[in-house]
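Peer 1: Quick one: this structure, given as structure tokens, is what I'll be asking you about.
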Amino acid sequence: MKKLGITLLGGVVVLAGLAALVWHLNVRDEPDVSAPMAAASAGAPAPATVTRGEYLARAGDCMACHTARGGAAFAGGLGLPTPFGTVYTSNLTPDNETGIGSWSSAYFWRALHNGRAKDGRLLYPAFPYTNYTQVTREDSDAIYAWLRTLAPVHQANRPHALRWPYSTQAALAVWRALFFKPGAYVSNPTRTAEWNRGAYLVQGLGHCSACHGARNALGATSSSLDLAGGLIPLQNWYAPSLESPLEAGVADWDIPHIVELFKTGATRHGWVTGPMAEAVLRGTQYLSQEDLVAMAQYLKALPARHADVLPAARAHTPVNPAVALLGARLYKDNCAQCHGDTGQGVPHAYPTLAGNRFVTMDSPANLVQMVLYGGFPPATRGNPRPFGMPPYVLVLSDADIAAVLTHIRTSWGNQAEQVTEVEVNRLRSNATP
């Protein structure tokens, strides 16, 4: 019994030590939120600060997550599905009871920089403070100043619907101790001011790695620098690698075409779809030419991955002749009218399929999503009436979709792995259109 007691006591000591370590790691670099309270109420912010705050909120794409479908802008309530349950976004309007009306700029800064709410609760990283931690205090204060000008909306925040133990603050504290450290963007002295501005926007406010980075089993990305591509959990849209010339790398693009893609959602290289279409619609189309060029400079300079692995050098599974025949027939009946008999497309209307890396990426997830549910590029000021694609979810079976996509991925010089019926079924079953 004495030995058992010693063992239990040792276990308690170890757990206490771990708890102390986790607590220490989660309060490190905690900003002081009491001192700036008086300064925050000293006077109204300058109009230029408010205007810049609105601009920065667009750069951070805040509205996309903090506005529920059919709800008031920035009033929260949008459910974000994760592998651990659903996280509901919070009310950012200046309502004193349900929004941020009683918050100081310091509390708002702490939320962005440290991922803590006003009452000290740890926030879930569905709110990408792992990226926003790089946002400067000046930019945070400007966003806060603009949010304070919105009309208050009295709408209580909806409780998250997460499974145990992910619903506990203790589990979140452990996650943060493992995967999060507050930081700040540090300029690279070997790069230009323009490149550094692009890096700040991409890594911080733009939180590009939140989609374009691969996530581990606990939902963490390796860093805000991870842009190597990944499947967006539960949405089944694949955010392609921004570092690979075989996916969405832009090292061989010229700057004007990269800027055009951010500004209009479409270029001669193709157009954006899925979650990226929303990012362009609500965010990047409103950015200044200078910031778009800076982002383009940064993305263009990313070190290339897999540049030496050409699609033609890969071995692919031979296509069953019956599948090939079915795919060719389905393409002629359903696709050729817009995309052309040889996948040549129509300029400024329907994208070329021959030689299109959207078609030949290893992951066929985005292709399956487009065939199932159709889609449009974003309706932007530079492209207000985009051409789109109709859905075939009620027209084509899983076998049909697999066959026609296999035909597209293996025709006109395209050399990609065939799509299987099992893959289509899995994506159809789990996809969120």
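Peer 1: Please count how many residues of the stretch 121-142 are assigned to a loop (DSSP other than H, G, I, E, B) and under 16 Å from PRO159 (Cα atoms).
Peer 2: Applying the first criterion (assigned to a loop (DSSP other than H, G, I, E, B)) to the stretch 121-142 yields 121, 123-128, 133-136.
After this cut, where a residue has to be under 16 Å from PRO159 (Cα atoms) as well, the list is 121, 123-127.
Within the stretch 121-142, residues that are assigned to a loop (DSSP other than H, G, I, E, B) and under 16 Å from PRO159 (Cα atoms) number 6.
Peer 1: So, GLY270, is that one more than 24 Å from TRP195 (Cβ to Cβ) and surrounded by fewer than 22 Cβ atoms within 10 Å (Cβ to Cβ) or not?
Peer 2: Values: more than 24 Å from TRP195 (Cβ to Cβ): yes; surrounded by fewer than 22 Cβ atoms within 10 Å (Cβ to Cβ): yes.
Against the criterion (more than 24 Å from TRP195 (Cβ to Cβ) and surrounded by fewer than 22 Cβ atoms within 10 Å (Cβ to Cβ)), GLY270 qualifies.
Peer 1: Among the listed residues ASP400, ASP362, identify the single one that is open to solvent by 60 Å² or more (accessible area, probe 1.4 Å) and closer than 17 Å to VAL422 by Cα.
Peer 2: On the way: ASP400 fails: open to solvent by 60 Å² or more (accessible area, probe 1.4 Å).
Selected residue: ASP362, the only one of ASP400, ASP362 that is open to solvent by 60 Å² or more (accessible area, probe 1.4 Å) and closer than 17 Å to VAL422 by Cα.
Peer 1: Does GLN155 qualify as being part of a loop (DSSP other than H, G, I, E, B) and surrounded by 15 or more Cβ atoms within 10 Å (Cβ to Cβ)? If you could, list the steps in order and put the result at the bottom.
Peer 2: Values: part of a loop (DSSP other than H, G, I, E, B): yes; surrounded by 15 or more Cβ atoms within 10 Å (Cβ to Cβ): yes.
Answer is yes for this residue.
Peer 1: To continue, here is another question. Could you go through the stretch 341-362 and let me know if any residue there is of a type in the set (Gly, Ala, Ser) and not in a loop (DSSP other than H, G, I, E, B).
Peer 2: Taking the stretch 341-362 and keeping what is of a type in the set (Gly, Ala, Ser), we get 343, 345, 349, 354-355.
The next check asks that each one be not in a loop (DSSP other than H, G, I, E, B); those that pass are none.
There is no residue in the stretch 341-362 that is of a type in the set (Gly, Ala, Ser) and not in a loop (DSSP other than H, G, I, E, B).
Peer 1: Which helices (runs of 4 or more DSSP H) does the stretch 1-104 wholly contain that include 2 or more residues that are open to solvent by 70 Å² or more (accessible area, probe 1.4 Å) and at pLDDT below 50? Reasoning before the result, please.
Peer 2: Values: elements: 2-27, 36-40, 47-59, 62-65.
Per the criteria, 2-27, 36-40.
Peer 1: A further question follows. Between a first residue in the stretch 390-407 that is over 11 Å from MET370 (Cβ atoms) and a second residue that is open to solvent by 40 Å² or more (accessible area, probe 1.4 Å) and β-branched (Val, Ile, Thr), which pairs have beta carbons less than 8 Å apart while being 6 or more apart in sequence or on different chains?
Peer 2: Within 8 Å, the pairs are ALA402/VAL323; ALA402/THR420; ALA403/VAL323; THR406/VAL319; THR406/VAL323.
Peer 1: Select from the stretch 353-388 the residues that are of a type in the set (A, V, I, L, M), in contact (Cβ under 8 Å) with a residue 40 or more places away in the chain and under 19 Å from TYR238 (Cα atoms) and list them in ascending order. Don't jump to the end; show me each part of the working.
Peer 2: Taking the stretch 353-388 as the starting set, the residues that turn out to be of a type in the set (A, V, I, L, M) are 353-354, 359, 361, 365, 367-368, 370-372, 379.
Narrowing further to those that are in contact (Cβ under 8 Å) with a residue 40 or more places away in the chain: 353-354, 359, 361, 365, 367-368, 370, 372, 379.
Across the stretch 353-388, the qualifying residues are LEU353, VAL359, MET361, ALA365, LEU367, VAL368, MET370, LEU372.
Peer 1: Please work out which one of (1) in a helix (DSSP H, G or I); (2) surrounded by 16 or more Cβ atoms within 10 Å (Cβ to Cβ); (3) at pLDDT 95 or above is the condition VAL419 fails and give its number.
Peer 2: Condition (1) is where VAL419 drops out.
The values are calculated or read from the model by the stated rules, or taken from the named source; none is laboratory data. In this text the structure is predicted, and so the values were computed from the model without any measurement. Because the Cβ atoms are built from the backbone with ideal geometry, glycine has one as well, and the counts that use them run over all protein chains shown. The area values use the complete protein model at the heavy-atom level, side chains included, leaving out ligands, DNA and RNA. Shrake-Rupley method; radii C 1.70, N 1.55, O 1.52, S 1.80 Å.
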